[in-house]
Amino acid sequence: MKKSIALFLLFLVIFLSPTVAEVHEDAIVHNIEEFQIGRKLEELNIDAPNFYEPHKSIVIDSTFSFPYIRVSTNGVIYDVCYDWNYRIRYIAVEEDPTQSFSTPEGIRLNMDYEDCKKIFGRKKLMKNKLIGYYIQLPSDWYISFWTGKSGIDYYPKKGDIIYCIFKK
C-alpha cells in the first residue's frame, strides 16, 4: 500500500510539476530599464533570434494589435509591444509573484483601490472597454482596475485591485 502511494505521488510530481508555477520559456532575460517607449528594439542588443511572431500580439487600443516580446527582469515578467518599425509602443507588467515591481509612486499589482486612492488622490478614473477604469500616474505609468465581467460594470471601490500596470 505504501509503495503504491509513493508511486502515485512520484507520478504527480513528475507529470504535474510544470503546471504548478507558470513557466515563461519565451521570456528574454534583460534589464527592463533599457526598454523605453519610442526606442527601437535593434538598439537594445537583445539575444533573440526572431522578434516577430505573428501569433503573439496584444490589442493595445481599439484599432491596433501589436506583436510583443516577453521580458524577465528580477522575477518580474513584462510584455513589450512594438510596431512594424520595431519601435516600442507599450510595456505592461504581466506578472510579479514577488511584488518587487512598483511604480515611482509606490503602486504595485494587486494593490487595493483604497490604498491607491491615498497615493493618487481625488483624481477621477477614466473608463475604457479594453482596460477597465484607469488613470495615468505622474511617472507616466498607467494603472487599471477591472470591475465586474465587462471591466467597467461599476466604478472601483474598496476590495477592487489593480488589474494592470502599463506604459504607452
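Please indicate, with yes or no, whether at least one residue in the range 123-136 is buried (at least 16 other Cβ atoms within 10 Å of the Cβ) and at pLDDT below 90.
yes
Suppose we keep only residues that are at pLDDT below 90 and of a type in the set (D, E, K, R) within the range 85-100. Which one would you say is most open to solvent (accessible area, probe 1.4 Å)?
So, considering only residues that are at pLDDT below 90 and of a type in the set (D, E, K, R), the one most open to solvent (accessible area, probe 1.4 Å) is Glu94.
Scan the range 132-139 and tell me whether some residue there is within 23 Å of Leu44 (Cα to Cα) and without any contact (Cβ under 8 Å) to a residue 60 or more places away in the chain.
Looking through the range 132-139, at least one residue is within 23 Å of Leu44 (Cα to Cα) and without any contact (Cβ under 8 Å) to a residue 60 or more places away in the chain.
In the range 101-121, is there at least one residue being of a type outside the set (Val, Ile, Thr) and modelled with pLDDT under 90?
yes
If a residue must be within 14 Å of Ala27 (Cα to Cα), open to solvent by 60 Å² or more (accessible area, probe 1.4 Å) and at pLDDT 60 or above, how many such residues does the range 43-84 contain?
Result for the range 43-84: 2.
Considering only the range 119-136, how many residues are assigned to a loop (DSSP other than H, G, I, E, B) and of a type outside the set (Lys, Arg)?
So the answer is 4.
If you go through the range 81-94, how many residues are touching a Phe, Trp or Tyr at 6+ places or on another chain (Cβ under 9 Å), touching a residue at least 24 places away in the same chain (Cβ under 8 Å) and either of a type in the set (D, E, K, R) or in a loop (DSSP other than H, G, I, E, B) (or both)?
Going through the range 81-94 one residue at a time, the tally reaches 3.
Name the pairs: first residue in the range 148-168 and of a type in the set (Phe, Trp, Tyr), second residue exposed (fewer than 15 other Cβ atoms within 10 Å of the Cβ), Cβ to Cβ under 7 Å, at least 6 apart or on different chains?
Cβ pairs passing all conditions: Tyr154/Gly148.
Only residues that are assigned to a loop (DSSP other than H, G, I, E, B) and open to solvent by less than 20 Å² (accessible area, probe 1.4 Å): list them for the range 137-153, please.
Listed by number, the list holds a single entry, Leu137.
Residues in the range 103-118: is at least one part of a helix (DSSP H, G or I), among the hydrophobic types (A, V, I, L, M, F, W, C) and either open to solvent by less than 20 Å² (accessible area, probe 1.4 Å) or touching a Phe, Trp or Tyr at 6+ places or on another chain (Cβ under 7 Å) (or both)?
Yes, that holds for at least one residue.
The values are calculated or read from the model by the stated rules, or taken from the named source; none is laboratory data. Worth saying up front: this structure is predicted, and the values here are computed from it rather than measured. Glycine also receives a Cβ, built like all others from the backbone with ideal geometry; neighbour counts cover every protein chain displayed. Keep in mind that these areas ignore ligands, DNA and RNA; they rest on the heavy atoms of the full protein, side chains included. Shrake-Rupley method; radii C 1.70, N 1.55, O 1.52, S 1.80 Å.
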